[in-house]
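What follows is a short report on a single structure.
Derivation of every value follows stated rules applied to the coordinates shown; laboratory data play no part. What you see is a predicted model, and the numbers here were worked out from it, not measured in a lab. Ideal geometry is used to build each Cβ from the backbone, glycine not excepted, and the neighbour counts take in all protein chains shown.
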Amino acid sequence: MQLIRYLIIIAMMLSAVSAYARYSGAFFIVSKGDKEQDFYKIINTDLKSSGYTLSASLERINDGYKEKFGKTDLDNLGFFSVINYRALHPLLLEEPRLGAYSPFTLHIYKKSDDDKSYIGHIAPDAILDMLKVRDTEIRREFLSMFSPLDKLLEDKIGGKIKYLTYDTLPVKTMFEFEYDLKPKKNIYDQIDDFCDSFETAFEDRNYSITGYVDFYNTYNEMGLKFDRYDAYFVYTLCSFKFSESIFNHGRPDAGIFAPCSIYMYVEKADSKIVIGMTRVENWAAVMGINDKKMLDEIHILDDEIVSILKLLGAKER
């Protein structure tokens, strides 16, 4: 009986610790003054020294907010998609879901009433948890990719490091779909047709295709085998109206999630395109967004993305 009581007490203690656990959600360097030009120098000159390549950039989105919506309290807001191709190569061969944050965003923002610049990204631990990646070796290798980049930012920008934490993620952090290909037809023609329909469907609903990365062809050009797949590519998408409803209304820090990456791949000799992305609902969980209007916008966007993919003929896994 004493042993049973002891085990019950231990279980209660572990439960209590778990209930108050906090997890790393975001990494920011907070530096006094306007660091826009210093940041651009890193992006354009120094980034390669950390192993990363710039794949797309959305600079000074705040100017667009002011022009279209009449006001902004931001001096700067920018999203810069970056990839470490070589370090990512063996990991993508093992875990295709990593494409949901490949590229991921280096984010910069500065509020008009605050003489500080914020530069950062989603914490790699949070990425792995959203993707439900459990393999310890993959996690270790993925986490190690970020160290040279963070050191570069610290060395070149300076300032204080700020970590944002969260306590829980949504039960369903991702959506994944399958789109069936016809076995007797050329798969690349079918992929091209699907991509044309995908781009048109999202653009017709006022999304912008802000980037496209073809990992399959890039790795072949680099002389790196990528033979698990017949195709692997990633789109980055942005809804300007949706982003304004969050970033221009007091939560520019949530820009670490923008734009959204959606991966698509065909495994060797398979007859379907697998499509995946993390749900926008993760933004609220990781960033602690509690505003009802923002939460409503987030849920609408998640539902709309799912609806578009279903209209294109994709089936939820």
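Normalising the average separation of contacting C-alpha pairs (under 8 angstrom, six or more residues apart) by the number of residues puts the relative contact order of the chain at 22 percent.
By the combined test of axial Cα extent (at least 24 Å) and Kyte-Doolittle hydropathy (mean at least 1.0), the qualifying DSSP H helices of the chain come to 2-19. Restricting the trypsin sites (Lys or Arg not before Pro) of segment 125-192 to loop positions (DSSP other than H, G, I, E, B) with no more than 12 neighbouring Cβ atoms within 10 Å leaves Lys132, Arg134, Lys172, Lys184, Lys185.
Counting only DSSP H runs of at least 4 residues, each contributing -39500 (n - 2.57), and dividing by the residue count of the chain, the helix-based mean residue ellipticity at 222 nm comes to -12500 deg cm²/dmol. Every Cα-Cα pair of segment 200-317 was included, and the share exceeding 22 Å stands at 42 percent.
Kindly provide log₁₀ I(q)/I(0) values, in the same order as q = 0.11 Å⁻¹, from the Debye equation applied to equal alpha-carbon scatterers of segment 87-199. At q = 0.11 Å⁻¹ the computed log10 ratios are -0.56. Expressed per residue, the C-alpha convex hull volume of the chain stands at 167 Å³. In percent, rounded to a whole number, the relative contact order of segment 96-219 is 14, using alpha-carbon pairs under 8 Å and six or more apart. Of His107, His299, the sequence from fewest to most neighbouring Cβ atoms within 10 angstrom is His299, His107.
Taken about its Cα centre, segment 22-316 carries a charge dipole of roughly 540 debye when the Cβ of each Lys and Arg holds +1 and the Cβ of each Asp and Glu holds -1. Charged side chains reduced to their Cβ positions (Lys and Arg at +1, Asp and Glu at -1) give segment 63-168 a dipole of some 100 debye around its Cα centre.
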